[in-house]
Amino acid sequence: MGVHDEIHRLVSEHRVVLFMKGTRMAPQCGFSARSVDILDEYLDDYRTVDVLADPRMREAIKDFSSWPTIPQLYVDAKFVGGSDIIHEMTKSGELSEVLGAARLELSTPKVTLTKAAEAAFIRFWEVEGDTEEPVVRLTISSNWEPLLDLDQEREGDLVLDMGELDLVMTRSTARRADGVRVDYVERGGDIGFKVDVPKRPPMVNQLTVDELKRWMDEGKPHLLLDVRTPEEWSTAKIEGAVPLAEVAERLEGLDRDKTIVFMCHHGMRSAQAAAHLLAQGFRDVHNLQGGIDAWSLHVDPSVPRY
């Protein structure tokens, strides 16, 4: 089956399909993240396709749609548009009509603010704030990284009354925020806010070459997968690594708790492959920072650089 045939199959079998960079749980670009945030406002379930996992798909979808950028949204096998168009359709109300769905009802998340955190926010607000009551914005990005800042309420925000202050957040953050606990720590040299995000899904771990070398020396079980091309593999390789192409068809049958490390030349292609595997339900996935080039520089200079 050709790539165009595969695209046709995807948009025919799934009512809503978003071709994007990364996965729904881990977008790899801001435009894809914004599109996911918007669709999550309307739908519990829809299909996403990670174009970074297959360079052929990345180019083919542009040709298939006659549209030069990613992401791309299809509904009922018809091309809708990219990130900007999706955003504009949200504001006009047109997206709800196209999707055939109203915005999902948003439940209020339970967020805990410790006394120490509350007192710290009030101290900082007294220095920087310009409203009668402190307003703190909580943001949990599409990659589940939390951010706190003094701010003001904006249109569309969810507002939580935390007693001495208001906690505000966007709807996309609210969907990720249930169970969040915010604390302020001043001990053992640590000073600052600590945010626990219990709904955060498993993420790709970044593994240094020194850590990988220690794993090897200690005999820690792991599978090291090399996503580079056969030409690169013939030029240089790490002892114990396995070309991804040799095991790709068997990955589905592996234990989801198995420790898997992805590597490439500099750590970029492997990061994309690791994110794709994580989306398949694997829980202990790592990306080798700096790739084989870092290995040559810091661990084994006998491995050729290229």
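The values are calculated or read from the model by the stated rules, or taken from the named source; none is laboratory data. Just so you know, these numbers come straight off a predicted model, no measurement behind them. Counting neighbours? That spans all protein chains shown, and the Cβs are built from the backbone with ideal geometry, glycine included.
F121 passes all but one of (1) surrounded by fewer than 16 Cβ atoms within 10 Å (Cβ to Cβ); (2) farther than 23 Å from D45 by Cα; (3) aromatic (F, W, Y); which number fails? The single condition F121 does not satisfy is (1). Condition check: touching a Phe, Trp or Tyr at 6+ places or on another chain (Cβ under 8 Å), more than 30 Å from A117 (Cα to Cα), among the polar types (S, T, N, Q) and surrounded by fewer than 16 Cβ atoms within 10 Å (Cβ to Cβ). Does T235 satisfy that? The answer is yes for T235. The number of residues in the range 55-97 being of a type in the set (S, T, Y) and farther than 17 Å from V3 by Cα comes to 5.
Entry remark, the range 29-64: residues being in a helix (DSSP H, G or I) and surrounded by fewer than 16 Cβ atoms within 10 Å (Cβ to Cβ) number 5 in total. As a summary of the residue check, P221 satisfies the conditions (1) surrounded by 14 or more Cβ atoms within 10 Å (Cβ to Cβ); (2) over 30 Å from I122 (Cα atoms) except for the one numbered (1). Applying the selection to the range 143-179, what residues are without any contact (Cβ under 8 Å) to a residue 24 or more places away in the chain and surrounded by 14 or more Cβ atoms within 10 Å (Cβ to Cβ)? Scanning the range 143-179 gives D151, D157. You will find that of K91, K78, K110, K115, the residue that is more than 23 Å from G22 (Cβ to Cβ), exposed (fewer than 12 other Cβ atoms within 10 Å of the Cβ), basic (K, R) and touching a helix residue (DSSP H, G or I) at 6+ places or on another chain (Cβ under 9 Å) is K78 and no other.
Considering only residues in the range 45-98 that are on the phi > 0 side of the Ramachandran plot and among the small types (G, A, S), the one that is modelled with the lowest pLDDT turns out to be G93.
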